[in-house]
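Note sheet for the following structure.
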Amino acid sequence: MSDACPARPLKKNKPQPHMWTIGGRCGYCRMDRPPRPDPERAETTTGREHPETSHAAAARVLPNTGTQRAKVLDFIRARYPDGATDDEMQEGLGLRHQSQTPRRNELARDGWIEDSGVKRSTGTGADAIVWRFVP
Ligand SMILES: [Zn+2]
């Protein structure tokens with residue numbers, strides 16, 4: 001079940017999901033982004049407390065400390081607001097491309113990080129998406 005956006009135009013007659021922007025709201029209907037699972041954000045003060053929903057969500061996608069996903073998240077979070085490219089994550093964490101990119105995809109899916117809209121040239125000269133922690 002997905003939560004479709006009531007204001008977003010249909011695509012192929014199918015409802016489209018909300019498009020969360022950097023401000024934490026849907027770019028179409030302006031709905032606030034629902035709370036995300038909150039594994040280890042005690043050091044931040046911006047998170048809102050929704051005990052019931054966050055508890056349920058946490059069981060779904062909790063990035064356990066020590067997992068690759070948690071490491072990728074920590075890496076990107078530490079670089080807020082500059083963000084990090086896949087190359088930078090791989091090099092900084094010593095992960096292979098095939099290990100890092102799925103973790104980055106999962107984090108983006110769960111709303112922890114987002115495409116910042118910025119690109120940075122990599123060592124090979126190609127432009128790469130800069131992924132940024134969503135505060
Ligand atoms: Zn929406």
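The values are calculated or read from the model by the stated rules, or taken from the named source; none is laboratory data. Not measured: the values here are computed from a predicted model. Here the Cβ is made from the backbone with ideal geometry for all residues, glycine too, and neighbour counts use every protein chain on show.
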Query - Condition check for L95: surrounded by 17 or more Cβ atoms within 10 Å (Cβ to Cβ) and more than 24 Å from I22 (Cα to Cα) - result: yes
Query raised in the report: Mind checking whether some residue in the stretch 6-19 is at pLDDT 85 or above and away from the ligand (no atom under 16 Å from the Cβ)?
Result: yes
**Report entry** Selection from the stretch 84-130 of residues that are of a type in the set (D, E), in contact (Cβ under 8 Å) with a residue 12 or more places away in the chain and either over 17 Å from D74 (Cβ atoms) or not in a helix (DSSP H, G or I) (or both)
**Finding:** D87, D110, E114, D115
Query raised in the report: Is it the case that the stretch 68-86 has a residue that's modelled with pLDDT of 80 or more, within 28 Å of R120 (Cβ to Cβ), within 16 Å of the ligand (Cβ to nearest atom) and surrounded by 15 or more Cβ atoms within 10 Å (Cβ to Cβ)?
Result: no
